[in-house]
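To keep things clear, I will list the structure first and then write my remarks on it.
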Amino acid sequence: MSDQKPISIGAAEAQNHISQDLRNNIYSALLSGDGIRNIEGSLDRQLAESGFKDELRRYVTDLFRSGQATTVDEARALAMEKIKHQMQGDDVQSNGISSADSFNGANGHEEQYDLKIPNKAIVEGTKTVRRELEKVCDITEEAS
């Protein structure tokens, strides 16, 4: 990336929706170097270290075994929905029992899965994205 000129972007534009052309330029710059691989590696490492990936694998396996999902697309959609609900705090009652999944297993209780993305993964992932964007973008402060 050192031989290419950084993509110039104003602070206001960086905080608002960016044009499709600018978005494509940023993606291309990240793809032409190690940016995307570094971002993916950082997120993968954080999610693995936290146990999130193992928990997700257990949940998806349970979806197939229980018949709740019969295709990869169904399992993905159900997992994404559960992750979104847990991230919003909608999936857990005050006593820690899931309101959506309390009963339904072989013994009357379905196993609980913690699919909330760990805060450390979010923080470290954000730092990595910012670091990689700073390599390919030149964000300038505009006088107000």
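The values are calculated or read from the model by the stated rules, or taken from the named source; none is laboratory data. Keep in mind that what you see is a predicted model, and the values were worked out from it rather than measured. No Cβ is skipped: glycine too gets one built from the backbone with ideal geometry, and neighbour counts run over all protein chains shown.
Could you tell me which residue of segment 104-129 is nearest to GLU49 (Cα to Cα), considering only residues that are of a type in the set (A, V, I, L, M) and at pLDDT 65 or above? Before you say what the answer is, go through the steps one by one.
Restricting attention to segment 104-129, the residues satisfying the condition of being of a type in the set (A, V, I, L, M) are 106, 115, 117, 121-123, 129.
This time we only want the ones that are at pLDDT 65 or above, so: 115, 117, 121-123, 129.
Details: LEU115: 14, ILE117: 12, ALA121: 9, ILE122: 13, VAL123: 14, VAL129: 19 Å.
Only one residue tops the list, namely ALA121.
Would you mind stating whether ASP21 is among the acidic types (Asp, Glu), modelled with pLDDT of 95 or more and assigned to a helix (DSSP H, G or I)? Please lay out each step first, then the result.
Working: among the acidic types (Asp, Glu): yes; modelled with pLDDT of 95 or more: no; assigned to a helix (DSSP H, G or I): yes.
No, not satisfied.
Pull up segment 59-76, narrow it to residues that are of a type outside the set (Val, Ile, Thr), surrounded by 13 or more Cβ atoms within 10 Å (Cβ to Cβ) and within 18 Å of the chain's Cα centre (by Cα), then point me to the one that is farthest from ASN119 (Cα to Cα).
Applying the filter and picking the extreme gives ALA75.
Can you give me the number of residues within segment 119-134 that are crowded, with 16+ Cβ neighbours inside 10 Å and over 15 Å from the mean Cα position of the chain (by Cα)? It would help to see each step written out before you state the result.
Here is the first cut: in segment 119-134, the residues crowded, with 16+ Cβ neighbours inside 10 Å are 121, 124-125, 128-129, 132-133.
Pick out the ones that are also over 15 Å from the mean Cα position of the chain (by Cα) and you get 132-133.
Here the count works out to 2.
What single numbered condition from (1) at pLDDT 90 or above; (2) over 14 Å from the mean Cα position of the chain (by Cα); (3) outside any loop (DSSP other than H, G, I, E, B) fails to hold for ILE139?
Of everything listed in (1) at pLDDT 90 or above; (2) over 14 Å from the mean Cα position of the chain (by Cα); (3) outside any loop (DSSP other than H, G, I, E, B), ILE139 misses just condition (1).
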